[in-house]
Structures are given as structure tokens and as C-alpha cells.
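A.B. asks: Encoded as C-alpha cells, here's the structure I'll be asking about.
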Amino acid sequence: MTVPDEVQAVLDGWSARGRKIFQELMEDASSELQQELVQRAILAGHTTGEVHAFADELRGLSDDECFAACTLDDDAPEDYTVTQLLRAESDPLFAFELKGGTLTPNEEDDAPSAALPAQRREVMDAPIARELAADPVRRAKEQRAGFNAESGGFRSMVASKPAALAATPVAPSGAMPAMPAAAGRLFEDLLGEATRALGVSWREVELDVPGGVPIDQALQQAAGALQRGIPIPCVIGNAQGRPLRYLLVLQTSTSGTNRAFQLYEPFSQELVWANEKDLLSRGELPFDNKSLRRLLRMALPNARGL
């Protein structure tokens with residue numbers, strides 16, 4: 001069968017045996033929805049054995065049962081973190097296990113899949129229109145239709161953009177999108193919609209500029225949110241203050257008087273630990289791109305969200 005280009009890009013990194021298992025899983029799937037869920041699990045980076053076990057669990061279910069087993073409801077338990085909720089949206093296998101499903105991968109075919117190339121990881125985590133959220137088959141088809149095999153990117157599936165994004169010019173491939181004029185609303189508009197049901201609102205702040213927030217205070221507030229499982233979106237730039245990339249701060253770790261923050265840079269897929277003192281001093285950070293030195297903007301959850 002023909003598979004979407006983004007799925008094939010992952011399968012090309014699998015062994016011949018892994019690709020044969022995938023073909024068998026597609027042939028044995030009892031519906032298009034099951035095929036889509038298995039392919040999403042592959043895009044999420046799961047191993048051959050995990051995908052195989054996941055497909056086996058889905059095979060005996062109806063489409064309604066598959067959707068219920070792999071989707072978090074609006075009334076998800078309060079102990080789910082924002083990170084878990086966002087990951088579950090794009091990773092049905094993770095959602096399946098988060099809701100209590102169990103998998104037993106076969107060790108013989110549980111070989112890790114190759115990582116998706118960096119340019120193809122601009123993936124399926126775009127906000128999803130409400131009318132698509134309730135229809136996983138249509139959602140998957142829309143997403144597939146939006147994939148650009150040449151650029152490795154996806155167009156948004158959202159019909160209308162927040163006002164802050166509507167005027168944002170499209171950046172050349174490999175460059176960070178230009179900041180909109182209403183820069184202070186960029187994260188707030190996106191995150192407000194995504195986390196409204198969780199009771200979390202946001203305020204976006206400029207760091208170490210007149211009218212902004214000192215970076216030490218921002219990091220202190222970020223640490224409090226991270227302890228509650230709320231990731232912190234940021235913009236990072238060079239030492240001169242030119243914005244270069246978006247970051248997600250995922251967690252913090254403290255040893256004695258030293259504190260470090262875990263940073264994820266989605267463009268390069270780098271996941272690093274940075275000492276707080278280096279963030280405060282704009283020192284060199286452990287990214288391959290040594291220009292990434294200075295946090296410029298941060299979205300902080302409001303006090304009621306903490």
C-alpha cells in the first residue's frame with residue numbers, strides 16, 4: 001500500500017523486517033482509522049515492537065472503541081499535566097497507555113525506529129480545529145493533505161489564525177518566523193486556546209528590557225510552574241537580542257544551590273540541560289548552535305493556573 005511521505009520517511013530508517021511488519025499491520029487493520037492510529041504512533045517515534053503491540057490491541061476494537069481508547073476527553077483527570085495532554089493529542093499510543101491500556105512488545109521485533117529528520121518534525125502538533133477534533137479520520141486526512149513532501153513541513157489545519165499570527169510573514173525554510181507586531185500576544189493567543197479547558201491562562205513577558213521582567217524573576221516563576229508539570233514556552237536569541245528560535249522549558253533540577261533547566265529546541269530536536277547561572281549571564285549553552293545564548297521572551301502561567 002502507499003503510505004504518506006512523512007510516514008515513509010520514518011519507515012526508511014527501519015530494518016527490512018520492521019518494514020515488512022508494518023505492511024502486515026496495515027493489511028490486518030480492520031479500518032482506515034486503525035491504520036491512521038498506527039501510522040501516528042510511528043510518527044511519534046515508537047519502536048517496531050511497540051507499534052506492533054499497539055496495532056494488535058486495536059484490531060479487535062470498533063472505530064468508536066479505538067477513538068475512545070486513544071483520545072483524552074475534555075474532562076480528563078486533573079492530575080494529567082499539560083505536557084501529557086499535549087503529547088496525547090499527537091501520540092495515540094501514549095494516550096492509550098495514559099488511559100490505562102497495556103502493551104507487551106515482542107522483544108524480537110522491538111528495534112528502535114530512526115528519528116524523524118529535523119525538518120519533518122514541524123509536525124502534527126499544530127492546534128486542531130474543534131470540528132476536526134471529534135473526527136479522527138477526517139483529521140488524519142486533513143493532516144495528510146497538508147504535508148509538503150518537498151519541504152517536509154505541514155500547513156496548519158486551523159481555518160482561522162489568531163490576530164497576532166495573521167500578520168506574521170512566512171519565514172524562509174530553516175529560519176525562525178518573523179515576530180508579529182503584537183509580539184506580546186503571540187504565545188498568549190495560541191496557549192490560551194490550547195489550555196483554556198485546563199484553567200490555565202498566560203501572560204507573555206519580555207526579559208531584561210524596560211517595561212519587561214528581570215530574567216531572574218521570570219526563571220523563578222517558571223520554576224514554580226514546572227514543578228506543577230506546566231512547560232514554559234520561550235524565545236531565545238543571540239547575545240545581541242536577535243530572536244532566533246522557539247524553546248520549550250520542560251523541567252528543572254536542583255543540586256545544592258545550583259539549579260538547571262531542561263530546554264527543548266524543536267527545530268533541531270535538541271534536548272539539553274542549562275545551568276541557571278548561564279541563562280542569567282547569557283553564557284554559552286549546550287546547543288549545537290552556539291548563537292543561542294539569550295532568553296528574550298517567556299510565556300508564564302498566571303497565578304490562578306498555578
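The values are calculated or read from the model by the stated rules, or taken from the named source; none is laboratory data. This structure is a prediction, so every number in the text was calculated from the model and none was measured. Areas reflect the complete protein model, heavy atoms only, side chains present, ligands, DNA and RNA absent. Shrake-Rupley method; radii C 1.70, N 1.55, O 1.52, S 1.80 Å.
A.B. asks: Apply the Karplus curve 6.51 cos²θ - 1.76 cosθ + 1.60, θ = phi - 60°, to the phi angles in region 20-27 and return the couplings in whole Hz, x for Gly and Pro.
C.D. replies: So the Karplus estimates, Gly and Pro as x, are 5, 4, 4, 4, 5, 5, 5, 5 Hz.
A.B. asks: For residue 30, what accessible area in Å² do you get when you roll a 1.4 Å probe over the heavy atoms of the protein chains, rounding to the nearest 10?
C.D. replies: Near enough 80 Å² of accessible area.
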